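Right, one structure below, let's go through it.
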2 protein chains.
Amino acid sequence: MSDAHAARRERLLEHCSASGADAVLVTSPANVRYLTGCTPCGASLLLTRERALLVLPGELPPDDTGEHPYPVDLPTRSAGPEQDTAEPAGRAAVEFGATDLAVEEHDLTVSRYRAVGVQAAGVRLHDLGRTVERLRVVKDEQEVADLRIAAEIGDQALGELLESILVGRTERHLAMELERRMIDHGADGAAFPVSVGTGPHSGRTAHRPTDRRVEEGDFLTVSLGARYRGYTIRCTRTFVIGAAPAGWQVELHRLVFEAQRAAREALVPGTECAAPDRAARELLYAAGYREEPPRPFGHGIGLETREAPQLGPGETGKLDNRVPVTVGPGVHLPGRGGVRIEDTLVVRPSAEGGPELLTITTKELLAL
Amino acid sequence: MSDAHAARRERLLEHCSASGADAVLVTSPANVRYLTGCTPCGASLLLTRERALLVLPGELPPDDTGEHPYPVDLPTRSAGPEQDTAEPAGRAAVEFGATDLAVEEHDLTVSRYRAVGVQAAGVRLHDLGRTVERLRVVKDEQEVADLRIAAEIGDQALGELLESILVGRTERHLAMELERRMIDHGADGAAFPVSVGTGPHSGRTAHRPTDRRVEEGDFLTVSLGARYRGYTIRCTRTFVIGAAPAGWQVELHRLVFEAQRAAREALVPGTECAAPDRAARELLYAAGYREEPPRPFGHGIGLETREAPQLGPGETGKLDNRVPVTVGPGVHLPGRGGVRIEDTLVVRPSAEGGPELLTITTKELLAL
């Protein structure tokens, strides 16, 4: 636990004192990592003015929970029928002399909450809410540096894939190869399952790779993100297979490219969170591509692949400086395919050159 | 949703009526899958005598949650700051005329619980506890058939790896290759990150593959499991690299092999759940290999990689017929390495030939 982590815990305690809590129990794995730099399996962080304690679960961790490449259900939630009765964090809170304990009600299960209440008899429980998530929104330069490396890893993996022969290979193989290449380039792992969609599957969000093989004339959409020191990015690109893209492919790609650029250019500190999505959506709607209900084109990213702020229609907050976000509009035409283009950028003021693009792989319509 | 799933929901409702609930909200993803055969992202199952309804979360699912190869935190838990306020399941319960709603307190977060309470004003909330988990313990023959295929996939992947050159390759590469091979053979994905431990890393539980390369004279421990139609198995084997294993390696492997056999032979319907672990542990302790605190050598397996029953020391239940379990004792000598051997078997009465071994890869000390 470094000075940076200690400073974060200090800030959290200040927030809590204001609401009357003299101790905090942090259980969300991403929040524990943010405040300590480490994530032993199932550990919670108990924090008072005097002490910071990582509390391990009441049982030995199961045998298959090294650090997972994707965020996982921790064993304290799903392990066995017995573990809910032991809640060492509650006991520790009493030993620390806590009288008002703030807990993360959006993360803690009802069973664990009750167990903490039993073990910490006499201690009042408060809801911490998403206080730590809010502290996490604006990143420091070390966090941005880690995100930059995560993005570089994704770009390298994608760049290598584009140099290889694609026709005839299945979506599943291409996705596996991208995961392997990201690990080869130093990623902790893939931040989420790599999505590869060809032909009619292209342009879909969250397409799960199938055994469909790449064919001449296909659109190919790849969506990937590496995890580096816990920090993740997202990058989506759409290419075309073969030397001569069809007219509708060129046109659709140009439209999505313009929409994505409009969204990127709206990433200015102080702007409404809904602005980038609106900028992209106006162009797509004007061209006749409506989406009902609208799925947000972007969101914050960091220790989680999707975190605050949300950038969808109707979001009312303002964008802050040094907030990494994704911007990824797309169009999918059922049965034909489509285009999606997504970057991860850090919001920066125009005096510093405007939004910092992390995912630098070309967004042109490469013919592969 | 097939007849088998309908019959499972019927059984669950019978359990619930007995405790006075006229509706059930199932939120644990594995439980939703068990009762419906499907797992749309973040969906909950609301069940009454008259109806079964899959309730999708109050927001659109995020863009990176196709079906994950590993169990993941669903978006209703970690997505954004807003989604806790919408809890459509609560409203639906009211529309269904429920008066007593059983919920899974070990899975539901405090925030969602409160939201259900608000939306379902006037409806009493009960704790369903681990009722569905208990229904899941004894498998039907269709479930066993899926487990058998999952085991075959793991055996094929492992068999192919053993035929290739291993010296000089890193743990990470071997692990990635095994994951790819399992997918090639039809797995939904790896049930958990494949663990490959060489030399001093061999014999460890949950070893996270490193860049260490396989060397002559190493022990090599591989732990893997495929997921097939949601069902998972575990298989662990330890081999030696090079033609001439050292004396201590032969001896340690023989000991763990004998301990694992003793545990397997204790898998008889009606036996205490602690018996297989005890049988293995006695042999290891007699040879001077104590473990403090003892980590259980086995547990139930199925839709989750670790589920009821637990087979550790001190477990008091009895083993039932048609319960798939893992049996995986091992010894790890810090700095030197070790041996772990683990199978997945289905408990069967001796009249039917005794425990059914699913993971049939040889357990001999192969010199590769």
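The values are calculated or read from the model by the stated rules, or taken from the named source; none is laboratory data. Just so you know, these numbers come straight off a predicted model, no measurement behind them. Here Cβ is always computed from backbone atoms with ideal geometry, including for glycine, and neighbour counts include all displayed protein chains.
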Requested in this report: Check B:A191, B:A187 and return the single one that is closer than 18 Å to B:L345 by Cα and either at pLDDT below 95 or within 12 Å of chain A (Cβ to nearest Cβ) (or both).
Outcome: B:A191
**Report entry** In the stretch A:124-148, residue nearest to the other protein chains (Cβ to nearest Cβ) [restricted to those that are in a loop (DSSP other than H, G, I, E, B) and in contact (Cβ under 8 Å) with a residue 60 or more places away in the chain]
**Finding:** A:R130
**Report entry** Residues of the stretch A:211-256 classified as within 14 Å of another protein chain (Cβ to nearest Cβ), within 16 Å of A:T326 (Cβ to Cβ), over 17 Å from the mean Cα position of the chain (by Cα) and not β-branched (V, I, T), total
**Finding:** 0
**Report entry** Among (1) outside any helix (DSSP H, G or I); (2) polar (S, T, N, Q); (3) crowded, with 17+ Cβ neighbours inside 10 Å, the one test that B:T210 misses
**Finding:** (3)
Query raised in the report: Which one of these does A:V167 not meet: (1) among the hydrophobic types (A, V, I, L, M, F, W, C); (2) crowded, with 17+ Cβ neighbours inside 10 Å; (3) outside the structural domain of A:A21 (by TED's automatic domain parsing); (4) touching an Asp or Glu at 6+ places or on another chain (Cβ under 9 Å)?
Result: (2)
**Report entry** Only listed residue being at pLDDT below 95, more than 14 Å from every other protein chain (Cβ to nearest Cβ), out of contact with any Lys or Arg (no Cβ under 7 Å at 6 or more places or on another chain) and assigned to a loop (DSSP other than H, G, I, E, B), chosen from A:R290, A:R295
**Finding:** A:R290
Query raised in the report: Taking B:A175, is it in contact with a strand residue (DSSP E or B) (Cβ under 7 Å, 6 or more places away or on another chain) and assigned by TED's automatic domain parsing to the domain that holds B:F239?
Result: yes
**Report entry** Hits in the stretch A:203-216 - residues which are touching a helix residue (DSSP H, G or I) at 6+ places or on another chain (Cβ under 9 Å) and modelled with pLDDT under 95
**Finding:** A:H207, A:R208, A:P209, A:T210, A:D211
Requested in this report: Would you tally the residues in the stretch A:44-55 being surrounded by 23 or more Cβ atoms within 10 Å (Cβ to Cβ) and over 15 Å from A:A98 (Cα atoms)?
Outcome: 1
Query raised in the report: Take the residues of the stretch B:98-123 that are at the interface with chain A (Cβ under 9 Å from one of its Cβ atoms) and β-branched (V, I, T): which is nearest to B:Y34 (Cα to Cα)?
Result: B:V103
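Scan B:D188, B:D155 and give me the residue that is within 21 Å of A:E177 (Cβ to Cβ) and among the charged types (D, E, K, R).
B:D188
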Query raised in the report: Considering only the stretch B:185-202, how many residues are touching a helix residue (DSSP H, G or I) at 6+ places or on another chain (Cβ under 8 Å) and either within 25 Å of B:H253 (Cβ to Cβ) or not in a strand (DSSP E or B) (or both)?
Result: 11
Report summary line: If you go through A:G270, A:G288, A:G314, the only one that is loosely packed, with under 14 Cβ neighbours inside 10 Å, without any contact (Cβ under 8 Å) to a residue 12 or more places away in the chain and at positive phi is A:G288
Report task. Residues that are more than 14 Å from chain A (Cβ to nearest Cβ) and modelled with pLDDT under 90: find the strands (runs of 3 or more DSSP E) completely inside the stretch B:1-95 holding 3 or more of those. Result -> B:52-55
Requested in this report: May I ask you to list pairs of residues, at least six apart or on different chains, whose Cβ atoms are under 7 Å apart, with the first in the stretch A:79-105 being over 18 Å from B:G317 (Cβ atoms) and the second being modelled with pLDDT under 55 and surrounded by fewer than 24 Cβ atoms within 10 Å (Cβ to Cβ)?
Outcome: A:A86/A:G58; A:A86/A:E59; A:E87/A:G58; A:P88/A:G58
